[in-house]
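So the structure is just underneath, and the comments pick up after that.
The values are calculated or read from the model by the stated rules, or taken from the named source; none is laboratory data. These figures come from a predicted structure and were not determined experimentally. Here Cβ is always computed from backbone atoms with ideal geometry, including for glycine, and neighbour counts include all displayed protein chains.
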Amino acid sequence: MTDPYKVLGVSPSATDEEIKDAYRKLAKKYHPDQYGDSPLSELAGEKMKEINEAYDIIVSQRKNRGATVTATTTITRTMRVITPGMRGAAVPPALTMYAVSLWRGALQTRSRS
């Protein structure tokens, strides 16, 4: 697939609300029901599929990015409190990333159960 942001006509720095508005505008314009029995109905259906895929990709990317940022922030704050001799000090990035990888593994294990 091409760049999902280009499909929706927004920039990667667009807000979630701008992305949702662009999606709704395009969905209304290209929805196959708008074309009835017209020969363009099939073309509109293909375009609508592309629009839906682009929107789904962007939403899932942003959702995953938010989870990673939240996990990293939470782990960093927790480690600052519980790590002896480091109270209030910055946690080394390698240690934080190691903790995040452990946290993700625990979540994946729990979701399989």
Checked pairs for segment 21-36, first in a loop (DSSP other than H, G, I, E, B), second of a type in the set (S, T, N, Q), C-beta under 7 Å and 6 or more apart or across chains, list as Tyr35/Ser41
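Every residue, every condition in (1) polar (S, T, N, Q); (2) in a helix (DSSP H, G or I); (3) at pLDDT 85 or above, yes or no:
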| position | (1), (2), (3) |
| --- | --- |
| Pro12 | no, no, yes |
| Ile58 | no, yes, yes |
| Val69 | no, yes, no |
| Thr74 | yes, yes, no |
| Ala90 | no, no, no |
| Tyr98 | no, yes, no |
Where the second residue is surrounded by 13 or more Cβ atoms within 10 Å (Cβ to Cβ) and of a type in the set (Phe, Trp, Tyr) and the first is farther than 11 Å from Ala27 by Cβ and lies in segment 41-53, which pairs have Cβ atoms under 8 Å and are six or more apart or on separate chains? Ser41/Tyr35
Could you list, in sequence order, all residues of segment 22-38 that are modelled with pLDDT of 90 or more and of a type in the set (Ser, Thr, Tyr)? Tyr23
Residue that is surrounded by the fewest Cβ atoms within 10 Å (Cβ to Cβ) [pool: residues in segment 5-19 that are under 13 Å from the mean Cα position of the chain (by Cα) and closer than 18 Å to Lys49 by Cα]: Tyr5
